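So the structure is just underneath, and the comments pick up after that.
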Amino acid sequence: MPGNHDMVHAILIITPSDQFAAIVKRSLRNFVTIDVRKSGVLARRAILERDYDIVVIDVPLPDETGEELALDITERSRAGVLMVVAQDAFEDVTERVTDHGVMAMPKPFPRDRADRAIRFLAAVQMRMRQLERRVVSVEDKMEELRLVSKAKLLLMEKKGMTENEAHRYLVKQAMNDGLSKKLVAEQVLEDLEVL
């Protein structure tokens, strides 16, 4: 998985079969954390304790079918979910889980198919992380604009500055103090007791 392996940190394999876990692990040489749980109950506990990037479920599980677990994971976390299903149930399960973002694959499966599916989920996870960082960046910029605008209005109102003077004041203070405009705006708002 050249290029992507450093972005995916943790994978959870849920299977009652040691053989299945071994097969999947061979496809995951580049993953930092690989945990294996043998039941739905143990998997749910593991998911509460840490965030996983990818979850592979070999169904059925000893304590449940695994379908509800897969849907719960997609609702409650950002993890990509791959369900490995018996050939005779594959079509029905796929129909029920695909619209919820769960990838299903029939078993038995060749190792290269599992590897491709996991690489695909890893790539999707990487893109989701990039989008999340962009969203946070845009939200930070919006917050900065909101605070700077509020500070400008307050400087205009309380100090009699024009909009250009208020803007120049904030920029100059930021440069002089080595701070962001957001921090300077927060200081202005605090000094003028509006924050």
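The values are calculated or read from the model by the stated rules, or taken from the named source; none is laboratory data. Only a predicted model underlies this, so the values are computations on that prediction, with no experimental measurement involved. As a convention, Cβ positions derive from the backbone with ideal geometry for all residues, glycine included, and neighbour counts pool all protein chains shown.
Take the residues in the stretch 179-195 that are outside any helix (DSSP H, G or I) and not polar (S, T, N, Q); name whichever of them is surrounded by the fewest Cβ atoms within 10 Å (Cβ to Cβ).
Glu193
Out of everything in the stretch 18-38 that is modelled with pLDDT of 90 or more and in contact with a strand residue (DSSP E or B) (Cβ under 8 Å, 6 or more places away or on another chain), what residue ends up being farthest from Arg129 (Cα to Cα)?
The initial filter retains those residues of the stretch 18-38 that are modelled with pLDDT of 90 or more, namely 18, 35-38.
Filter once more, keeping what is in contact with a strand residue (DSSP E or B) (Cβ under 8 Å, 6 or more places away or on another chain): 35-38.
Numbers: Asp35: 21, Val36: 24, Arg37: 26, Lys38: 29 Å.
The residue in question is Lys38.
Scan the stretch 77-114 residue by residue and report those that are more than 26 Å from the chain's Cα centre (by Cα) and part of a strand (DSSP E or B).
Within the stretch 77-114, Ala86, Pro106, Lys107 qualify.
Would you confirm whether any residue within the stretch 115-135 is more than 17 Å from the chain's Cα centre (by Cα), free of Cβ contacts under 8 Å to residues at least 60 places away in the same chain and not assigned by TED's automatic domain parsing to the domain that holds Thr15?
Filtering the stretch 115-135 down to residues more than 17 Å from the chain's Cα centre (by Cα) leaves 115-117.
This time we only want the ones that are free of Cβ contacts under 8 Å to residues at least 60 places away in the same chain, so: 116-117.
Narrowing further to those that are not assigned by TED's automatic domain parsing to the domain that holds Thr15: 116-117.
For the stretch 115-135, residues more than 17 Å from the chain's Cα centre (by Cα), free of Cβ contacts under 8 Å to residues at least 60 places away in the same chain and not assigned by TED's automatic domain parsing to the domain that holds Thr15: present.
I want to confirm something. Restricting to the stretch 104-124 and keeping residues that are surrounded by 20 or more Cβ atoms within 10 Å (Cβ to Cβ) and of a type outside the set (Gly, Ala, Ser), which single residue is nearest to Asp72 (Cα to Cα)?
Restricting attention to the stretch 104-124, the residues satisfying the condition of being surrounded by 20 or more Cβ atoms within 10 Å (Cβ to Cβ) are 104, 114, 117-118, 121-122.
Then drop every residue that is not of a type outside the set (Gly, Ala, Ser), which leaves 118, 121.
Working: Ile118: 19, Leu121: 17 Å.
Checking each candidate, the answer is Leu121.
Which of the residues that make up the stretch 24-34 are buried (at least 18 other Cβ atoms within 10 Å of the Cβ) and either in contact with a helix residue (DSSP H, G or I) (Cβ under 8 Å, 6 or more places away or on another chain) or part of a strand (DSSP E or B) (or both)?
Matches in the stretch 24-34: Val24, Ser27, Leu28.
What number goes with the only condition from (1) in contact with a Lys or Arg (Cβ under 8 Å, 6 or more places away or on another chain); (2) of a type in the set (Val, Ile, Thr); (3) not in a helix (DSSP H, G or I) that Val148 does not pass?
If we test Val148 against (1) in contact with a Lys or Arg (Cβ under 8 Å, 6 or more places away or on another chain); (2) of a type in the set (Val, Ile, Thr); (3) not in a helix (DSSP H, G or I), just (3) comes out false.
Restricting the search to the stretch 155-178, which residues are over 15 Å from Leu192 (Cα atoms) and surrounded by 12 or more Cβ atoms within 10 Å (Cβ to Cβ)?
Answer for the stretch 155-178, where residues must be over 15 Å from Leu192 (Cα atoms) and surrounded by 12 or more Cβ atoms within 10 Å (Cβ to Cβ): Glu163, Glu165, His167, Arg168, Val171, Gln173, Ala174.
Among all residue pairs at least 6 apart or on different chains, which show Cβ distances below 6 Å where the first residue, located in the stretch 161-181, is in contact (Cβ under 8 Å) with a residue 24 or more places away in the chain and the second is assigned to a helix (DSSP H, G or I) and among the small types (Gly, Ala, Ser)?
Partner pairs satisfying both residue conditions: Lys181/Ala174.
For the stretch 47-76, give me the residue count where each residue is crowded, with 17+ Cβ neighbours inside 10 Å and either without any contact (Cβ under 8 Å) to a residue 12 or more places away in the chain or in a loop (DSSP other than H, G, I, E, B) (or both).
5
With the structure loaded, tell me whether Val124 is modelled with pLDDT under 90 and either over 19 Å from Phe20 (Cβ atoms) or touching a Leu at 6+ places or on another chain (Cβ under 6 Å) (or both) or whether it fails that test. Explain how you work it out, then say what you get.
Values: modelled with pLDDT under 90: yes; either over 19 Å from Phe20 (Cβ atoms) or touching a Leu at 6+ places or on another chain (Cβ under 6 Å) (or both): yes.
Here the answer is yes, as Val124 does meet what is asked.
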